[in-house]
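Visitor: Supplied in structure tokens, the structure appears directly below.
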Amino acid sequence: MSVGVALVLASIVITTIGAIWVAAIPGEAKTQRHCIVVGAALVSAAMVWYLLYLGLGSGTYPAFRVGIASLSLDLTLDPLGLTYGILASTLWVFASIYSVGYMEHDTKQRQYFTFFLVSAGITLGIAFSGNLFTFYLFYELLTFATYPLVVHSGTKDALEAGRKYIRYSLVGASFILAAIVMLWTLTGGVLDFSSIPAALATASSGQLRILFFLFLIGFGVKAAIMPLHGWLPSAMVAPTPVSALLHAVAVVNAGVFGVLRTVYSVFGVDLVKSLSVRPILLVLCSVTIILGSLIALKQDVLKRRLAYSTISQLAYILLGAFILHPLALAGAMLHMIFHSTLKIVLFFAAGIVAEETGYLKVSELGGTGRILPVTMGSFGIISLGMIGMLPLSGFWSKYYLMRGSLAADAWILLVVLLLSGLLNALYFIPITVSAFTGTSDLKPRRKTKALLFMLVPTVIIAAFGVIFGLYPGLTLPLVDAVVAQFFSL
Amino acid sequence: MGEFWSRILQNYPYVFALALFAIGIYTILTHSNLFKKVIGINIMEGSIYILFIAAGNVRGGVAPILDMTDTTLTYVHPLPQALMLTGIVVSVSVTALSLALIMKLYRFYGTVDAKEIMRIRTEVRANGARIS
Amino acid sequence: MALAFRDNLAVLVVVALLSTAYIMPLLTKIRRFRVAEYFAVAMLGLALSGGIYLAREILLHGTFTYAVGGWPAPWGIELSLDAVSGFFLITIGVVATPIMLYASVDLIKEVGSRSRAAWFLTLFLLLVAALCGLAVTGDLFNIYVMVEVATIASCAIVAARNDATSVEATFKYLMLATIGSGFVLLGIGFLFVLTGNLNMNFIAQELSMSWQKYPTALWVCLSFFMVGFGVKSALFPLHVWLPDAHSTAIAPSSAMLSSLAIKGYIIALLKVFYVAVGAKIITRLPITDILTLLGMVAIIAGALFALAQDELKRRLAFSTISQVGYIFLGIGLGNIHGLTGTFMHILSHATTKALLFLAAGAMIKHTGKSRISEMAGVGAAMPVTVGAFAVGSLSMIGIPLFSGFVSKWQLLLGSLANGNYLAVLVLVGGSLLAAAYLLPVLRMAFFERPLQKPVVANVSYVQLAALLFLVVVIISVGVVPDGVLQLASEAATALLGLEVLP
Amino acid sequence: MANKVAIVLLVCIGMVVLLAISELPLYGSPDTPAQNYVAERYIQGALDDTGALNMVAAIVIDYRAYDTLIETTVLFTAIIAVFLVLKKGTEGKGEQK
């Protein structure tokens, strides 16, 4: 077993061990629990970074395999998986620090942190799965591990949202299972990402189209493609770190990642092109982008507005994936990274506002910038990035997406992207403006330790957003590796 | 067609057995008196004895007890008879248990009629009480 | 020496359990009744190890037979030890031991008195012995007698609660089960008329030469078996006795009936269909299509009925009907994957449903709430028990890493191999419905806010150990199913007569 | 209503069963499959094998003694079951001693 394999396994196992440890600690020992949570997330993230360093350096990636019921549990690294793994594990560290502050007064911390850590391991499992079965396994587990986080508050709304989440996810998962079974018969038992496209070559295009749409519907649920997005806005009743991490990064990106895997690893670019399903997919994404933004515009509850914004932005990534052009894929990968880092800041800021002032609605936010300058300042800068303003990271991903659309002769998508950018501006800028110009009778409060725990990760990630905007080349090695993996240039 | 009926006629014990079997099941399923259900069970089991014993019969055969003095005898098949001894014991056991259950039910409900029991039970359940 | 031990072990497992059962009524006078209970547990554990040893021998050296009393096959009774027997023996041991362990904690309180407890133990052991007998026997009439022991014993352990509803349920169960036995015996009679044999291998030999002469008679005879065993194992339209019987009995009884008793009859059906008549003949008669169809109807209908129940144990009882549908679907598919799936589902449903019923029993007993809508906050009061229930639920739904997935996956492959896409749909739909009727229980127990503060329930450590044992079995079968899966597929191969074992 | 359905069902089944019966080997004929090597061995060998003149007895207590053991177990089971059902008093309330 090489170092790489050991690290892949260890990065998943360490969070699980951490979770068990957290679950075993009795209720009072808060500090100890916080240390374990942050520590486990940190160690796991460090391992993934080291894996990135190993993989990019040598160009070879470790693989781990263990058989289970004529199927095999298969963990491998590839650039696509690494991108998602790096993203999730890094943001997890910050989200755990934020959680420490946010959950300060919560009574069910043990339950919360246990499932929070378990989800981290499962997300890495999704990222590193080397075949569809392993992918399905972790994907399904993610649903169950995140359910307790969604219903954490135990209110009627939360339970209703949880029920909706579970229903959507299970129906989606059964579509995926049906697709896997169909794939199994078409390929004669081949589920490895590396060898599926070759094994699929003999299938008829009718079968392949059915297969493709089974996968698309299945993953589309978590990727919140309209009209499968219903669960996401209601899941916003979860605690803010959960909304920020899971419903803006880990879970939804798992869906997106699943779609990327379907398009690029299961079918392969050439096969998808030959199926001539691209127009439908592009229309679907465009509709989601525009409709998502329009609905976001009408939301008054801040987290719901962010949720619809997420739906819209996820469709950007899928759009980039479906254009089937190297530049567009690069755009999609960049957008996956940048959107996650930006959106998590917005959620964090919304959480801080809610905790410190109790305000949840956009219409109430007037004047909050006065008492929470750093928070709302980060919110303002990052929302500019979300719109796609130049010195911020969001610009670069949209730029690549536009170049990709042009290169693929789909100029109409340019209109969609620009229109959506405009809508983004319409629903983001007023928030910042009213926060700093509006008046309110709020008194500035003493800075607590909890606020500090929430503020520090917010600012750090916001700084990343700016740095990536100034030096977009930092992410290029990874993005290049992904593009090179799927397009022979 | 003629051959069909002649075979049926020749196989008359099987027809009787299955007819009795049907009567037994009909009795169990349709009569609401619990004792009649038990009688139905016994009719049903009895029909199977007929079937087995008929299966072992040979025309002109005698009971399967070895007669050392006469070597020309044909004996009927002894196995089904042995099996049916076992079958009888089983049906006795089942009958005993069902009668015991009926006694118990009578103690609880004061009746041996299935419909009546059902009525009492739904009534009691509607009142939210427990039967004891 | 080793061989002699192995051969005798086949009958020894049954006889040892029977003897233990015989002496149980004498143990009422013992000062510490616990001793009697642990003796029973120990004997079951011994039976389990015997089963594992036999299964290992069968895998290593192939099938073997044992002539009871020294009379060879067509005249005496022959026990035939193949992978099917090995598999079912292990299933029985793995499930019955923890159930007994769980029951031992407060049996006297549950059934009323010391002597009643002793009789309950007797009947429990008799039931297990009869199931073991079914697993090893190679003789049709012996199957019937074993089935009768199992039927009477399982009726009696339903009546052990001894209140009006459970006695009534027992009577209903006894009547229908006896009709079932009647059909089975009728079927045996027909096979005897057609072949003049009771040994299943000899019947298969005779039938392979002569079955074309009486196709209708054979079909009717197999239908008798199907109806007979179908009633006893609660195949969907014949299930009417099950919900009452399983929901009114005490927890160990429900667990035992739902997980093992039903499976015994299914094993018997498998033996009659595939050993006595043979796969070649079965697949040419319309009987397998009927089984597949009934299986699919059972999966959906059972799950829908389960959804409508609010009482936890009734919901689990209807879930059993749905899961039995899976097993029959696999039998009907009649290919290697389908039958492997059937065997795996026999094991996984046995362990899972036993776990669910035992956990539900503890939940109901310690909180006094039997309805799902009242169960808010139970999870906080007894986290380990409800956690075990959660594991059972996930396995029942068919989530990977739990044993339920392994069996459902095999069944999926089996349906695909037959090109039966409707079955694929039904299998996936059944899993979704299982999620729909089991997950709300967990939501209620763990996440719903209780109206009043629930009492902290102290489930005894012995019962928790029993639950955790089943949890470990479910997860280990789910994660490393290689051994049992090999045994199951070997059993399927043996039934299909595909190849001679090494 | 239920009665009528039951009757119709039984009649339908009856027709099929009649068809099956017509296919069965003829009753009482000496060359049915049932009168085969099994019967022959019992009839001719019972005395030598077991020393019993009554072949039924030979089968019940020797050739198929295992069945008889289980048969007595059925009886035993039923007796214990009857005990369990009929034992009075203490219903679910624990022992009152």
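Every number here is computed from the coordinates shown, using simple stated rules; none is lab data. Quick caveat, the model's predicted, so the values are computed rather than measured. Every residue, glycine among them, receives a Cβ derived from its backbone with ideal geometry; neighbour counts consider all protein chains shown.
Visitor: Residue farthest toward the positive end of the dipole of the protein assembly as shown, with Cβ of Lys/Arg at +1 and Asp/Glu at -1: which of D:VAL85, B:VAL58, B:THR30?
Guide: About the Cα centre, the residue reaching furthest to the positive side is D:VAL85.
Visitor: Give me the three principal axis extents of the protein assembly as shown from the C-alpha atoms, as integers in angstrom, largest value leading.
Guide: 121, 71, 64
Visitor: Return one number: the angle in degrees, 0 to 90 and rounded to the nearest 10, between the long axis of the Cα atoms of helix A:449-470 and the longest principal axis of the Cα atoms of chain A.
Guide: Compared with the principal axis, the helix lies near 50 degrees.
Visitor: Tell me the angle of helix C:140-159 to the major Cα principal axis of chain C, expressed in degrees between 0 and 90 and rounded to the nearest ten.
Guide: Taking the Cα atoms of chain C, the angle to C:140-159 is about 10 degrees.
Visitor: Using only the alpha carbons of segment A:29-181, what is the convex hull's orientation-averaged projected area in square nanometres?
Guide: 10.3
Visitor: Additional query: Using only alpha carbons, build the gyration tensor for segment C:392-485 and give me the equivalent ellipsoid semi-axes, biggest first, whole Å.
Guide: Over the Cα atoms of segment C:392-485, the semi-axes work out to 32, 20, 7 Å.
Visitor: While we're on this one: Could you state the principal axis extents of the C-alpha atoms in segment C:262-393, from the largest down, to the nearest angstrom?
Guide: Principal-axis extents of the Cα atoms in segment C:262-393, largest first: 55, 25, 20 Å.
Visitor: Against the globular-protein guess of 2.2 N^0.38 Å, express the Cα radius of gyration of segment D:30-86 as a ratio, rounded to two decimals.
Guide: 1.59
Visitor: Here's something else I'd like to know. If you bin every alpha carbon distance in segment C:286-502 into 10 Å steps from zero, what whole percent lands in each bin?
Guide: 9, 34, 32, 17, 7, 1, 0
Visitor: For C:151-162, what's the mean count of beta carbons from other chains sitting within 10 Å of each residue's beta carbon?
Guide: Partner Cβ neighbours, averaged per residue: 6.
Visitor: Shielding by partners for B:38-50, please: the mean number of other protein chain Cβ atoms within 10 Å of each residue's Cβ.
Guide: 3
Visitor: Can you give the helix-only mean residue ellipticity at 222 nm for the protein assembly as shown, where every DSSP H stretch with n ≥ 4 adds -39500 (n - 2.57) and the sum goes over all residues, rounded to the nearest 500 deg cm²/dmol?
Guide: Helix-only estimate at 222 nm: -24500 deg cm²/dmol.
Visitor: Please rank A:SER11, C:SER154, A:SER276, fewest neighbouring Cβ atoms within 10 Å first, as an exposure proxy.
Guide: Arranged by neighbour count, lowest to highest, A:SER11, C:SER154, A:SER276 become A:SER276, A:SER11, C:SER154.
Visitor: Within a 10 angstrom radius of the beta carbon, how do C:SER415, C:SER489, A:SER204 rank from fewest other beta carbons to most?
Guide: Fewest-to-most Cβ neighbours within 10 Å comes out as A:SER204, C:SER489, C:SER415.
Visitor: Sticking with this one: Over the Cα atoms of segment A:88-143, Rg to Rh with Kirkwood Rh, two decimal places?
Guide: Reported Rg/Rh, Kirkwood definition of Rh: 1.08.
Visitor: So, with +1 on the Cβ of K and R and -1 on the Cβ of D and E, and no other charges, what is the size of the charge dipole of segment C:286-502 about its Cα centre, to the nearest 20 debye?
Guide: 820
Visitor: Along the charge dipole of the protein assembly as shown, Cβ charges K/R +1 and D/E -1, which of A:LEU319, A:TYR427, C:PRO286 sits furthest on the positive end?
Guide: Working it through, the farthest residue towards the positive pole turns out to be A:TYR427.
Visitor: If you scale each eigenvalue of the Cα gyration tensor by 5 and take the root, what three semi-axes come out for chain B, rounded to whole angstrom and sorted largest first?
Guide: After diagonalising the Cα gyration tensor, the semi-axes are 44, 20, 7 Å.
Visitor: If I take all pairs of Cα atoms in segment A:116-275, what percentage of them are more than 27 Å from each other?
Guide: 25
Visitor: Amide H to amide H under 5 Å from A:LEU73: which residues, 5+ apart in sequence or cross-chain, H placed 1.01 Å off N in plane?
Guide: Sorted by chain and number, the residues that satisfy this are A:VAL66, A:GLY67, A:ILE68.
Visitor: What residue among C:LEU270, C:GLY361, C:THR320 has its Cα farthest toward the positive end of the dipole of chain C, where the charges are +1 on Lys, Arg and -1 on Asp, Glu, each on the Cβ?
Guide: C:GLY361
Visitor: Sticking with this one: Dividing the Cα convex hull volume of segment C:99-218 by residue count, how many Å³ per residue is that?
Guide: For segment C:99-218, the hull spanned by Cα atoms encloses 105 Å³ per residue.
Visitor: Next up: Between segment A:97-142 and segment A:169-194, what is the separation of their alpha carbon centroids in Å?
Guide: A separation of 24 Å, based on Cα centres.
Visitor: Would you kindly calculate the translational diffusion coefficient of chain C, applying Stokes-Einstein with the Kirkwood radius from alpha carbon pairs, for 4 °C and a viscosity of 1.567 mPa s, and quote it in µm² s⁻¹ without decimals?
Guide: D = 58 µm²/s.
Visitor: Shifting gears a bit: Mind pulling the per residue volume of the convex hull built on the Cα atoms of chain A? Å³ is fine.
Guide: Dividing the Cα hull volume of chain A by its residue count gives 130 Å³.
Visitor: Compute the helix-to-body angle for A:278-298: its Cα long axis versus the longest principal axis of chain A, expressed 0 to 90° and rounded to tens.
Guide: That works out to roughly 10 degrees.
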